[in-house]
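A short reminder: the numbers here are calculations on the coordinates, not readings from a lab. Values in this document were obtained by computation on a predicted structure and should not be read as measured data. With ideal geometry, Cβ positions are generated from the backbone for all residues, glycine too; neighbour counts draw on all protein chains shown.
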Amino acid sequence: MRCAIIGGGIGGMTAAIALHNKGIRVTVFEQAAELGEIGAGVLLTPNGVRALKHLGLERAVAEAGARVGAGSCYYRMDGTTIAPVLTTDSTGWNGMFGMHRADLLTILADVLPPHAVSTGHKCIGVEQDASRCRLTFENGQTADAHVVIAADGIHSTLQRHVAEPSDPVHSGSVAYRGLVRADSVPSWPAGISQFWLGDGKHFLVYPVRRGELLNYVGFVPSAEEARESWSAPGDPVRLAEAFSGWDPAVAGLLSAVETTFWWGLYDREPLARLTAGRLALLGDAAHPMLPHVGQGANQAIEDGVALAEILSNADASTVAHGLVTFEKLRQERTSRVQAGARANGLRYDSAYADLDRRDAEIADSARFRRWLYDYDPVAEARSVR
């Protein structure tokens, strides 16, 4: 069986490895001239790392990333402790790592044979019949496959062939993000993530690249609506002003920021369906979500591993049935995660009159995170296959 994956990001590459490991012939078509990710961090949570462990990649993640563990904490804007940040699953396994996105993509790309990735291929259309799909690319080439996985992001070209896209709704916030060298903030504690909440804003920091870098994100209210998923250079001075008067630890880190980027945050309602015949959506193409539970990449990774497990017993004649099973397995979970991210964003950034109530909700959110972190996509896929 031949599988074409549109998009060479984290979700697409994870799916490619998982499918390749099941003996399915895979080609990843990436529109860019070479594989690459923006220079920012991604937090892999235990559910995502468990999925990568099934692919034999846990050691590579541990060596390239920075483990995030005990001591991680939520704070009020003045530094008052709210609650610990959950970094383990229910068994106590600490499978949480801060990763530079480029490092994670390199790990994934190194596993696949070079001939499995075709760069410079921007997909502009797909047609399917009872036996195969035909893809058309902007460079004039075509390709046939028995199944197509659209992992081409929030602006997916192929999404419209599956479901009517939901309209993006501006969240009312923008996010500043970037990296600073850990040695430029020498007093910063190692191996933890930290969140500060208050005044309709929040600020978070976690380590990446073996702790050599600190990834920060500052969320601030804004009526300015940038294009969805679009980023631009930001002003470090404006970023520092937005968090002026907060915990001195925040000011200390921001004093080390030399460059920053900002982008508008948009929310979308879940799609009515994730598959159509021989075509399936994966990752942000299927379920774009706000970043407030750190699950965009982790859910894409789950998608890819679950999909391969379900299709491991399929062939060219039964693959469409396998995709229906995939949709049934993943749609309820990813819709719940989308809703959880929306609720958490309101919790983090709403101006609560009663901070004790807000703090109690933050502490109680560990229950939702346990549900997130305990998930095993292989076990779940085998239960429905």
Next item on the list: Answer with one residue from G23, A363, Y266: the one whose Cα lies farthest towards the positive end of the charge dipole of the chain, charges on Cβ with Lys, Arg +1 and Asp, Glu -1.
Entry: G23
Check: Just the C-alpha atoms of the chain: what Rg/Rh do they give, with Rh taken as the Kirkwood radius?
Finding: 0.97
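So for the range 62-113, Kirkwood radius off the Cα pairs, Stokes-Einstein at 37 °C and 0.692 mPa s: how many µm² s⁻¹? Intermediate results must be reported in sequence, preceding the final value.
Details: Rh = 13.2 Å.
Diffusion coefficient, whole number: 248 µm²/s.
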Notebook entry, point to check: For the Cα atoms of the chain, what angle does the longest principal axis make with the long axis of helix 355-364, in degrees from 0 to 90, nearest 10?
Noted result: 40 degrees
Item checked: Fraction of alpha-carbon pairs over 19 Å apart in the range 226-279 - percent -> 53 percent
Notebook entry, point to check: Counting DSSP beta bridges in the chain, what percent are antiparallel, to the nearest 5?
Noted result: 75 percent
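Using the per-residue mean of other Cβ atoms lying within 10 Å as a proxy for protection, in what order, highest first, do the peptides 168-175, 110-117 fall? Write down the numbers at each step before the final one.
Details: 168-175: 18.5, 110-117: 13.1.
Going from most to least packed, we get 168-175, 110-117.
Just to be sure I follow: if Rg is taken over the C-alpha atoms of the range 109-159 and Rh is the Kirkwood radius over the same atoms, what is Rg/Rh?
Numbers: Rg = 11.9 Å, Rh = 12.2 Å.
Here Rg/Rh amounts to 0.98.
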Next item on the list: Enumerate the amide H contacts of Y266 below 5 Å, restricted to partners 5 or more residues apart or on another chain; note that Pro and chain-start residues carry no placed amide H.
Entry: S171, S229
Check: Each residue of the range 318-331 in order: what ³J(HN,Hα) in whole Hz does its phi give by Karplus 6.51 cos²θ - 1.76 cosθ + 1.60, θ = phi - 60°, with x for Gly and Pro?
Finding: 10, 5, 4, 5, x, 5, 4, 4, 4, 4, 4, 5, 8, 5
Check: Regarding the range 177-223, what whole-number volume in Å³ per residue does the convex hull of its Cα atoms give?
Finding: 75 Å³
Next item on the list: Evaluate Rg over Rh across the range 148-269, taking Cα atoms for both radii and Kirkwood's formula for Rh.
Entry: 1.05
Next item on the list: Take every Cα pair under 8 Å in the range 303-385 that's 6+ residues apart, average their separations, divide by the length, and report that relative contact order as a whole percent.
Entry: 55 percent
Item checked: Mean separation of Cα contacts under 8 Å (6+ apart) over length of the chain, as relative contact order % -> 23 percent
Margin query: Quick check on packing: order 100-109, 316-325 by the mean number of other C-beta atoms within 10 Å, highest mean leading.
Written below: 100-109, 316-325
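Which loop trypsin sites (Lys or Arg not before Pro) in the range 140-240, with loop taken from DSSP, have no more than 15 other Cβ atoms within 10 angstrom of their Cβ? Present the calculation step by step, with values, prior to reporting the outcome.
Working: sites: R160, R177, R181, K201, R209, R210, R227, R238; in loops: R227.
Answer by residue number: R227.
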Checklist line | Cα centroid separation - the range 213-291 against the range 96-113, whole Å | finding: 21 Å
Item checked: Stokes-Einstein D (µm²/s) once Rh is taken as the Kirkwood radius of the range 225-363 over alpha-carbon pairs, at 37 °C in 0.692 mPa s -> 182 µm²/s
Check: Against the longest alpha carbon principal axis of the chain, how many degrees, from 0 to 90 and to the nearest 10, is the axis of helix 10-21 turned?
Finding: 40 degrees
Notebook entry, point to check: How high is the relative contact order of the range 104-155, in percent, counting Cα pairs under 8 Å that sit 6 or more residues apart?
Noted result: 22 percent
Margin query: For the ranges 84-97, 17-30, what's the packing order if you count other beta-carbon atoms within 10 Å of each residue, average per peptide, and put the highest first?
Written below: 17-30, 84-97
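In nm², what is the average projected area of the convex hull enclosing the Cα atoms of the range 16-162?
Details: hull surface 48.3 nm².
For the Cα atoms of the range 16-162, the hull's average projected area reads 12.1 nm².
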Next item on the list: Describe numerically, in nm with one decimal, the distance between label points set 7 Å from Cα along Cα→Cβ at S131 and at R347.
Entry: 5.3 nm
Item checked: Overall dimensions of the range 145-212 by Cα: Rg and Dmax, Å -> 19.2, 55
Checklist line | Cβ-Cβ FRET estimate between D199 and T81, R0 fixed at 22 Å, reported to 0.05 | finding: 0.80
